[in-house]
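Report on the structure given below.
Nothing in this text is a laboratory measurement; each read-out follows from the coordinates by a stated rule. Small disclaimer: the values here were computed from a predicted structure and weren't measured. As a convention, Cβ positions derive from the backbone with ideal geometry for all residues, glycine included, and neighbour counts pool all protein chains shown.
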Amino acid sequence: MRIVYITTRNSGEAKKIASHLLKKRLIACANIFPIESMYWFEGEIEENIEFVLLGKTTDSNFNKIEKEVSSMHSYEIPAIYSWKVDKVSKDYDDWIKKEVKR
């Protein structure tokens with residue numbers, strides 16, 4: 001199993017991206033939540049409320065997800081990264097594999 005982490009401008013954008021990835025069966029489910037972010041942008045430190053989308057998928061789908069998200073994201077350089085989950089219950093992992101295309 002793999003978790004894909006994507007920051008978005010607002011809740012609506014996170015839901016739009018999650019729905020798109022779900023319809024394409026690139027993720028099995030998504031969690032969306034607000035975060036406080038601080039970052040460098042055009043020589044200044046910015047501080048904003050953003051929304052994180054966590055998508056659960058298989059190991060092989062990251063490149064497809066990155067391509068889809070990059071094509072529809074409002075940010076010029078969106079944060080899209082993932083990590084492999086070392087331990088996951090067998091039933092949950094089986095469900096993820098059943099729900100996404102590989």
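Within the range 42-51, can one find any residue that is of a type in the set (S, T, N, Q) and in contact with a Pro (Cβ under 8 Å, 6 or more places away or on another chain)? No, every residue in the range 42-51 fails to be of a type in the set (S, T, N, Q) and in contact with a Pro (Cβ under 8 Å, 6 or more places away or on another chain).
Checking each residue in the range 79-93 for being of a type in the set (K, R) and under 15 Å from I27 (Cα atoms) picks out only K84. Specify the residue that is surrounded by the most Cβ atoms within 10 Å (Cβ to Cβ); the eligible residues are those in the range 62-102 that are polar (S, T, N, Q) and touching a residue at least 24 places away in the same chain (Cβ under 8 Å). Restricting to residues being polar (S, T, N, Q) and touching a residue at least 24 places away in the same chain (Cβ under 8 Å), the top hit is S82. Taking the range 2-46 as the range and being out of contact with any helix residue (DSSP H, G or I) (no Cβ under 8 Å at 6 or more places or on another chain), within 29 Å of D94 (Cβ to Cβ) and outside any strand (DSSP E or B) as the test, the residues that pass are A14, K15, A18, S19, L22, K23. With the condition kept exactly as written, say whether any residue in the range 58-80 is in a strand (DSSP E or B) and touching a Phe, Trp or Tyr at 6+ places or on another chain (Cβ under 7 Å). No, the conditions are met nowhere in the range 58-80. Among the residues of the range 2-61 satisfying the criterion of being on the phi < 0 side of the Ramachandran plot and among the basic types (K, R), which is surrounded by the most Cβ atoms within 10 Å (Cβ to Cβ)? Filtering the range 2-61 for residues that are on the phi < 0 side of the Ramachandran plot and among the basic types (K, R), the one surrounded by the most Cβ atoms within 10 Å (Cβ to Cβ) comes out as K56.
The requirement of being touching a residue at least 40 places away in the same chain (Cβ under 8 Å), farther than 16 Å from K97 by Cβ and over 11 Å from the mean Cα position of the chain (by Cα) is not satisfied by E44.
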